[in-house]
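The values are calculated or read from the model by the stated rules, or taken from the named source; none is laboratory data. Just so it is clear, the model here is predicted, and its values are computed rather than measured. Positions of Cβ are generated from backbone atoms using ideal geometry, with glycine treated the same way; all protein chains shown enter the neighbour counts.
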Amino acid sequence: MIPEALKRELLERTARAEHPREMAVDVMYALQGYYGYMSDEAMEEAAEIVGMTPLELEELATFYDFIYRRPVGRYVIRVCDSAVCWMEGYQSVVDHLTSRLGIGLGDTTADGLFSLIPVCCIGYCDRAPAMLINRKVYGELTPEKIDRILQKLATGKPAAGEE
Ligand code: FES
């Protein structure tokens, strides 16, 4: 169960909404922020808050790439596998990421730090190849740049030679 204060806040926000259902995605994000992903139990909790059935909420959740129905890493790497990125080096980006992380597409590292997911165009075509990590976009990827990004995320510190 989510903390009482969070539940109260979400119930209050839902009550203020013109239609409680319009809060469904916000409520799922809030619960996901607490649990890390939306388990069946979390979906039931969210459904109760917005006055929907878990099935109705499930149908909504399938439209949102950022709602996770299974555990993911702390950092979700979404590597763009659309046309422009394909032409600009997608395969070498994926090869480097899978090699460095030791996982395949769709997997999560054993330490729970990174998940790797291929996605459609993230709108950064002019800086392809590109990827999104959580909400931050990275473009003009090279193996060296990817290493710096991963190191910074894994350690919380910039790679040597970076500010
Ligand atoms: S094709 Fe990769 S960002 Fe658009």
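All but one of (1) among the charged types (D, E, K, R); (2) more than 16 Å from the ligand (Cβ to nearest atom); (3) closer than 30 Å to Ser39 by Cα hold for Glu144; which doesn't?
(3)
Can you name every residue in the range 49-91 that is within 16 Å of the ligand (Cβ to nearest atom) and of a type in the set (D, E, K, R)?
Within the range 49-91, Asp65, Arg78, Asp81, Glu88 meet the criteria.
Please work out which residue is nearest to Arg21 (Cα to Cα), limiting yourself to the range 92-107 and to residues that are within 16 Å of the ligand (Cβ to nearest atom) and touching a strand residue (DSSP E or B) at 6+ places or on another chain (Cβ under 8 Å).
Leu105
Residue pairs, Cβ under 8 Å, 6 or more apart or interchain, first in the range 62-87 and outside the structural domain of Thr109 (by TED's automatic domain parsing), second within 16 Å of the ligand (Cβ to nearest atom) and among the small types (Gly, Ala, Ser). List them.
Every condition considered, no pair remains.
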